[in-house]
Amino acid sequence: MSKSEFDFERILNPIDAKTFFSEYWEKRHCLISRTEPDYYSHLLSLKDIDSIILSHGSNLSDVDLIKENSYLIRDGVVDFKQLYKAYSQGYTLRIGRIHEHSQPIAALRTKLQVFFNHPVGINLYMSPKNSQGFQAHFDTHEVFILQVEGSKNWRIYDSPITLPLISDLKYQEKFKNQLTSPVAEFTLNAGDLLYIPRGYIHEVYTSDSFSMHLTVGIHTYKWFDLINSAVNLIAQKDVRFRESLPIGFMQHGEAKVSLKEQFQELLQILADKSEVEVAVEEITQRFIGEISPLADGQFYQLENVDKLTLDTTVKKREGIYRFIKTIGQVGIQFAGNTVMESNRSERAIRFILDSEEFAIKEIPGLVDNSKLTLVRRLIQEGVLTTV
């Protein structure tokens, strides 16, 4: 990995992933203080912000101005003059889904999704000195804070709900009014990293310095998501799961008894007949289908695809890939797209998915012209890239 690229290992440095997941993940916050203020400079700098906002064009639905939980923008209509004025008046600038407008941040997001196998979103927050965007609150996803420039003061409080769900957000105001002393209080400086498990209330503000940070949200699939997938799949095959609940089940005693007995029976059927691999496959298919392709030199690849030879070395683009086999066809699902080929290409497709990088001539099961034809198509579709 080049110095300009970031992955999870580099974000955590000097803590290793095994230590992080055993001691911190979903348990407690993790603060990594560094004396390297330029640590994230290859990802983003203050000088990039104007051009990133400009890249939104007239659609500024992902741009917010926030001050003590109040939003200045509600309809996505704003201009640069308004942004600059609001920022000078103490409003925090938030650019949602900044990975859609920055190639280095998009590459980081892709690497994190490949590592975690969970959806990842990245937002930017920039606050002037002596300001506060959001008041104390908790999130329902895992949060990593990459302090890019400036500094910000943090207070972290105990979690009122262990690993809350989105439906628990309705309790935000209640828990905010019951805050006691923080369990941790510190200043995050440029180059530092903070991890906050979902559910932990946190409060942030600036003092004598502005702040610019990236918030990386890991929106994890839960065990109940997998169970829901298994239920949906078995309901497609077993009519008993599709039958209506007993008439009068909310009021009548006999109906309630019948409901409880049948519920236990269905749970046992679910435990006995569910195929966890199929349920995981269903989630995987949905996840890959929602991933956006990474813009990393595809036009260059397209313009040079006719120059390929059997000695050309290629590799898969960064991403998650899924092998597909149907009647008469095999294929690859990736980043919101699917490529299908005839069954005679199965050995070749499996070889490509299992290999890091390879010369085109190494592809098994096809004659030379077919190897070149297949690789050209996979480059055009965005699966492969030349080395």
Requested in this report: Confirm whether D296 is more than 31 Å from the chain's Cα centre (by Cα) and either in a loop (DSSP other than H, G, I, E, B) or loosely packed, with under 12 Cβ neighbours inside 10 Å (or both).
Outcome: no
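Looking only at residues in the stretch 55-70 that are surrounded by fewer than 16 Cβ atoms within 10 Å (Cβ to Cβ) and in contact (Cβ under 8 Å) with a residue 60 or more places away in the chain, which one is farthest from the chain's Cα centre (by Cα)?
So in the stretch 55-70, the residues surrounded by fewer than 16 Cβ atoms within 10 Å (Cβ to Cβ) come out as 55, 57-59, 61, 68-70.
Remaining after also requiring in contact (Cβ under 8 Å) with a residue 60 or more places away in the chain: 68-69.
Working: E68: 27, N69: 24 Å.
Among them, the one singled out is E68.
Considering only the stretch 109-221, give the strands (runs of 3 or more DSSP E) lying wholly within it that have at least 2 residues that are touching a Pro at 6+ places or on another chain (Cβ under 7 Å).
142-156
Is it the case that the stretch 29-46 has a residue that's among the basic types (K, R), within 15 Å of M212 (Cα to Cα) and either in the same structural domain as D208 (by TED's automatic domain parsing) or free of Cβ contacts under 8 Å to residues at least 12 places away in the same chain (or both)? Quick ask: steps written out before the conclusion?
So in the stretch 29-46, the residues among the basic types (K, R) come out as 34.
Next, only the ones that are within 15 Å of M212 (Cα to Cα) stay: none.
Among the residues of the stretch 29-46, not one is among the basic types (K, R), within 15 Å of M212 (Cα to Cα) and either in the same structural domain as D208 (by TED's automatic domain parsing) or free of Cβ contacts under 8 Å to residues at least 12 places away in the same chain (or both), which makes the answer no.
Taking the criterion of being at pLDDT below 95, in the same structural domain as G199 (by TED's automatic domain parsing), more than 30 Å from T162 (Cα to Cα) and touching an Asp or Glu at 6+ places or on another chain (Cβ under 9 Å), would at least one residue in the stretch 64-72 satisfy it?
Restricting attention to the stretch 64-72, the residues satisfying the condition of being at pLDDT below 95 are 64-72.
Checking the rest, the ones that are also in the same structural domain as G199 (by TED's automatic domain parsing) come to 64-72.
Keeping just the survivors that are more than 30 Å from T162 (Cα to Cα) gives 65, 72.
Okay, now just the ones that are also touching an Asp or Glu at 6+ places or on another chain (Cβ under 9 Å), so 72.
The answer is yes; a qualifying residue exists.
Hey, can you tell me all the residues within the stretch 27-54 that are of a type in the set (S, T, N, Q) and exposed (fewer than 13 other Cβ atoms within 10 Å of the Cβ)?
Applying the first criterion (of a type in the set (S, T, N, Q)) to the stretch 27-54 yields 33, 35, 41, 45, 51.
Across the stretch 27-54, the qualifying residues are T35, S51.
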Requested in this report: Could you list, in sequence order, all residues of the stretch 158-191 that are under 25 Å from the mean Cα position of the chain (by Cα) and within 13 Å of V204 (Cβ to Cβ)?
Outcome: L188
Query raised in the report: Among the numbered criteria (1) hydroxyl-bearing (S, T, Y); (2) modelled with pLDDT of 95 or more; (3) more than 30 Å from F334 (Cβ to Cβ), which single criterion is violated by Y40?
Result: (3)
Requested in this report: Please find, within the stretch 251-280, the residue that is nearest to the chain's Cα centre (by Cα) out of those that are part of a helix (DSSP H, G or I) and more than 19 Å from F241 (Cβ to Cβ).
Outcome: V280
Report task. Out of A235, A190, report the one residue that is in contact with a Phe, Trp or Tyr (Cβ under 9 Å, 6 or more places away or on another chain) and without any contact (Cβ under 8 Å) to a residue 12 or more places away in the chain. Result -> A235
Query raised in the report: Take the residues of the stretch 1-26 that are at pLDDT 95 or above and of a type in the set (K, R): which is surrounded by the fewest Cβ atoms within 10 Å (Cβ to Cβ)?
Result: K18
Query raised in the report: For residues in the stretch 308-325 being assigned to a loop (DSSP other than H, G, I, E, B) and either in contact with a helix residue (DSSP H, G or I) (Cβ under 7 Å, 6 or more places away or on another chain) or acidic (D, E) (or both), which is nearest to G297 (Cα to Cα)?
Result: E318
Requested in this report: Within the stretch 128-139, identify whether any single residue is closer than 19 Å to D48 by Cβ and among the polar types (S, T, N, Q), and answer yes or no.
Outcome: no
**Report entry** Odd one out for A86 among (1) surrounded by fewer than 17 Cβ atoms within 10 Å (Cβ to Cβ); (2) of a type in the set (G, A, S); (3) more than 25 Å from W25 (Cα to Cα)
**Finding:** (1)
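Report, by residue number, each residue of the stretch 83-108 that is in a helix (DSSP H, G or I) and of a type in the set (A, V, I, L, M, F, W, C).
Step one: filter the stretch 83-108 for residues in a helix (DSSP H, G or I), giving 83-88, 98-100, 103-108.
Correct list: L83, A86, I98, I105, A106, A107, L108.
The values are calculated or read from the model by the stated rules, or taken from the named source; none is laboratory data. Bear in mind the structure is a predicted one, so any value in this text is a computation, not a measurement. Cβ sites come from the backbone with ideal geometry, for glycine too, and all protein chains shown count toward neighbours.
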